[in-house]
1. Would you mind stating whether residue 64 is surrounded by fewer than 17 Cβ atoms within 10 Å (Cβ to Cβ) and either of a type in the set (A, V, I, L, M, F, W, C) or modelled with pLDDT under 95 (or both)?
2. Name the pairs whose Cβ atoms lie under 6 Å apart, with the first residue in the range 66-91 and in a helix (DSSP H, G or I), the second open to solvent by 70 Å² or more (accessible area, probe 1.4 Å) and of a type outside the set (Phe, Trp, Tyr), and 6 or more positions between them or separate chains?
3. For the subset of the range 257-276 comprising residues that are in contact (Cβ under 8 Å) with a residue 40 or more places away in the chain and farther than 13 Å from residue 220 by Cβ, which member is nearest to the chain's Cα centre (by Cα)?
4. Out of the range 239-252, which residues are outside any strand (DSSP E or B), touching a Ser or Thr at 6+ places or on another chain (Cβ under 9 Å) and charged (D, E, K, R)?
5. Take the conditions in contact (Cβ under 8 Å) with a residue 24 or more places away in the chain, part of a loop (DSSP other than H, G, I, E, B) and either surrounded by 17 or more Cβ atoms within 10 Å (Cβ to Cβ) or of a type outside the set (S, T, N, Q) (or both) and apply them to residue 41. Does it pass?
6. When you go through (1) in a strand (DSSP E or B); (2) more than 25 Å from the chain's Cα centre (by Cα) one by one for residue 140, which number turns out not to apply?
7. Tell me, yes or no, whether the range 10-28 has at least one residue that is among the charged types (D, E, K, R), in contact with a strand residue (DSSP E or B) (Cβ under 9 Å, 6 or more places away or on another chain), open to solvent by 70 Å² or more (accessible area, probe 1.4 Å) and under 27 Å from residue 123 (Cα atoms).
8. Among the residues of the range 196-208, are any part of a strand (DSSP E or B), exposed (fewer than 15 other Cβ atoms within 10 Å of the Cβ) and free of Cβ contacts under 8 Å to residues at least 40 places away in the same chain?
Amino acid sequence: MLKAFEGRAAATSGVGKDPVNAPMIRHWCEAMGDADPDYRGADPIAPPTMLQAWTMGGLSGHQGRSAAYDELFALLDGAGYTSVVATDCEQEYLRELRPGNEITFDAVIESVSERKTTKLGTGHFVTTRMDVRADGEPAGTHRFRILKYAPAQRKPAAPDGPASKRPRPVINRDNAGFWEGVARHQLLVQRCGGCRALRFPWLPGCNACGSLEWDTVEASGEGTVYSYVVMHHPPFPAFDPPYAVGLVELAEGVRMVSNVVGVPGDKVRIGQPVRLEFRQVDAELELPVFRVVEDMAGGGV
């Protein structure tokens with residue numbers, strides 16, 4: 001029955017809420033840390049990966065969503081597949097986008113999988129394909145896949161069982177050196193071998209000049225709270241809410257995300273000085289965290 005939805009429209013005659021524009025390009029590049037000169041200046045192009053951004057409807061959504069799309073999701077919800085998680089997307093770029101381009105699009109329900117069982121639960125993968133146009137000309141294709149699923153029922157773990165451990169960091173060949181540094185109580189920051197720019201998090205190449213050559217410098221451990229959020233929900237056995245997660249600006253100029261400790265979450269403030277320390281969070285894992293500097297926090301750390 002679900003296969004009958006394949007090939008049916010998901011959205012028709014969609015219109016981007018704003019034309020391609022330089023402020024959005026600037027905000028995107030600042031958020032991504034992308035300093036490519038092609039995205040700046042008097043005649044910038046939009047980063048290709050912004051393709052979907054120009055089609056988004058925001059909190060108020062778009063009006064062009066089809067009845068077939070709503071019907072498909074109502075069927076999945078009615079069958080108990082009420083949870084949703086995005087799994088992946090694929091994009092194809094056909095032309096450069098520049099400020100002033102008017103964006104229109106159509107979308108189709110490309111595929112609905114057979115019932116699949118995953119670690120999250122049992123459900124169906126739904127893939128939609130969006131064909132994007134700029135000033136009426138094909139500009140690119142965006143495929144977006146989600147899993148609509150019924151959450152798996154999990155047995156509660158013992159307090160000292162695996163579920164009470166912090167999630168393990170994903171270590172790969174691009175960031176292994178960082179975690180080797182943590183094991184030695186060093187906070188290592190990459191330095192480009194071409195332009196000498198510092199970067200964090202670790203990347204295989206420089207996002208300023210494109211060089212693949214790099215070395216590392218050890219951060220002093222001094223920094224300030226650039227931004228933060230205090231987590232209250234959801235509860236998780238490995239954490240003890242409320243706790244503060246901060247975006248810390250290091251003295252070297254790069255920023256990293258970590259826990260801010262030493263004061264209650266409601267006492268964390270933007271601009272507070274912090275200092276690096278390494279915290280053993282369980283028998284197997286040690287993490288860099290940042291403690292509010294005592295003489296600047298009004299005492300009581």
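The values are calculated or read from the model by the stated rules, or taken from the named source; none is laboratory data. Here the structure is a predicted model, which means the values were calculated and not measured. Here the Cβ positions follow ideal geometry from the backbone for every residue, glycine too, while neighbour counts run over all protein chains shown. We work out accessible area using only protein heavy atoms, side chains counted, and drop any ligands, DNA or RNA first. Shrake-Rupley method; radii C 1.70, N 1.55, O 1.52, S 1.80 Å.
1. Working: surrounded by fewer than 17 Cβ atoms within 10 Å (Cβ to Cβ): no; either of a type in the set (A, V, I, L, M, F, W, C) or modelled with pLDDT under 95 (or both): yes.
No: the conditions fail for residue 64.
2. 68/8
3. Taking the candidates together, the pick is 270.
4. If we filter the range 239-252 for residues that are outside any strand (DSSP E or B), which is where we start, we get 239-242, 251-252.
If we keep only those that are touching a Ser or Thr at 6+ places or on another chain (Cβ under 9 Å) too, we end up with 251-252.
Once the filter is applied, which keeps residues that are outside any strand (DSSP E or B), touching a Ser or Thr at 6+ places or on another chain (Cβ under 9 Å) and charged (D, E, K, R), the range 239-252 yields only 252.
5. Working: in contact (Cβ under 8 Å) with a residue 24 or more places away in the chain: no; part of a loop (DSSP other than H, G, I, E, B): yes; either surrounded by 17 or more Cβ atoms within 10 Å (Cβ to Cβ) or of a type outside the set (S, T, N, Q) (or both): yes.
Spelling it out, it is not the case that residue 41 is in contact (Cβ under 8 Å) with a residue 24 or more places away in the chain, part of a loop (DSSP other than H, G, I, E, B) and either surrounded by 17 or more Cβ atoms within 10 Å (Cβ to Cβ) or of a type outside the set (S, T, N, Q) (or both).
6. (2)
7. no
8. Initially, the range 196-208 is screened for residues part of a strand (DSSP E or B), giving 198-199.
From what's left, exposed (fewer than 15 other Cβ atoms within 10 Å of the Cβ): none.
No: the range 196-208 contains no residue that is part of a strand (DSSP E or B), exposed (fewer than 15 other Cβ atoms within 10 Å of the Cβ) and free of Cβ contacts under 8 Å to residues at least 40 places away in the same chain.
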